[in-house]
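Beneath this line is the structure, given in structure tokens, with notes to follow.
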Amino acid sequence: QLPQSNEDSDLIISFPSPPISADVPTGLDVAYLDWYMAKDADGNCRNAPALVIVPETDRRRLASRSLARLLAESEFLPRVRRSGADARRAIDAVRALDEVEGSVGLAGISLGGFVAILCAQLDDGYDNLFIFLAGVDLHHVVINGTRDAAKFRNTFKNMGYDGENLRELLWHIEPLRGASRIDPDRTWLFTGKYDNVIPAKSSDLFASEARLAEDHHIRLPVDHYTGILLLPVVAQRVAREIHSHQC
């Protein structure tokens, strides 16, 4: 029996989080998905394709606070690895739903975008990939990004990570390492022309390494925070691609 969501989603789906170490802290052994059901004109649930979205934030989904809080944690690397493992297992939970019919895609926003890239390059489980306001080369982002990135930079420095040891730390979860394994025909990248948190070099490098066609890299007239204003346009594009690339 699926519990009703306490937020604005329709239901919450839970599934066992895959172990990534011998000791799994209490509360991290179960993963949760907020399910937003596809509905018909009368508001009834209907069978449709699915898209798993790796959020850019903590439970409150506030992009401006997500990386700052995660990077301030001493368990940052295990948390990112767990997020990737949960995203990879989520496809099985989603495909088990009777209402899911057709393709199952993966999307990631900001930090969630980096995690989604990591997930997609490890296996070919998802039918398509949508990346929003993200890219590769985490070290470049932390060193050169403004606003939140500057806060992350200071946080790492206070933790003793600076220069080469910071590069070595981030290399363990660097999505650039396997970006060339991603299928460019089933991948779309949405970036902000004025995004100073995720510099253009980061997103352009991903587009290059993944060999994305020009029409698969959509550059929006937004920064890292005003991108939310164009979500309706982005949602229409994502829905169009999902339905036109059914497996």
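Brief remarks follow.
- Residue match in segment 73-88 (condition: over 30 Å from R147 (Cβ atoms) and at pLDDT 80 or above): yes
- Subset of segment 105-128 [open to solvent by less than 10 Å² (accessible area, probe 1.4 Å) and touching a Lys or Arg at 6+ places or on another chain (Cβ under 6 Å)]: C119, N128
- Test result for D162, assigned to a helix (DSSP H, G or I) and open to solvent by 50 Å² or more (accessible area, probe 1.4 Å): no
- Candidate set from segment 175-211 (those that are within 10 Å of I131 (Cβ to Cβ) and not in a helix (DSSP H, G or I)); member that is farthest from the chain's Cα centre (by Cα): A210
- Only residues that are within 17 Å of G84 (Cα to Cα), modelled with pLDDT under 80 and polar (S, T, N, Q) were counted in segment 1-45, giving 1.
- Qualifying positions in segment 130-144 - of a type outside the set (S, T, N, Q) and either assigned to a helix (DSSP H, G or I) or open to solvent by 10 Å² or more (accessible area, probe 1.4 Å) (or both): F132, L133, D137, L138, H139, H140, V141, V142, I143
- Selection count, segment 165-194, where residues are within 17 Å of Q121 (Cα to Cα) and either open to solvent by 30 Å² or more (accessible area, probe 1.4 Å) or acidic (D, E) (or both): 10
- In the set (1) exposed (fewer than 13 other Cβ atoms within 10 Å of the Cβ); (2) touching a helix residue (DSSP H, G or I) at 6+ places or on another chain (Cβ under 6 Å), the condition left unmet by E214 is number (2).
- Flag if I218 is closer than 23 Å to L118 by Cβ and part of a loop (DSSP other than H, G, I, E, B): no
The values are calculated or read from the model by the stated rules, or taken from the named source; none is laboratory data. All values derive from a computational prediction rather than experimental measurement. All Cβ positions, glycine included, derive from the backbone under ideal geometry; neighbour counts span all protein chains shown. Note: accessible area is taken over every heavy atom of the protein model, side chains too, but ligands, DNA and RNA are not part of it. Shrake-Rupley method; radii C 1.70, N 1.55, O 1.52, S 1.80 Å.
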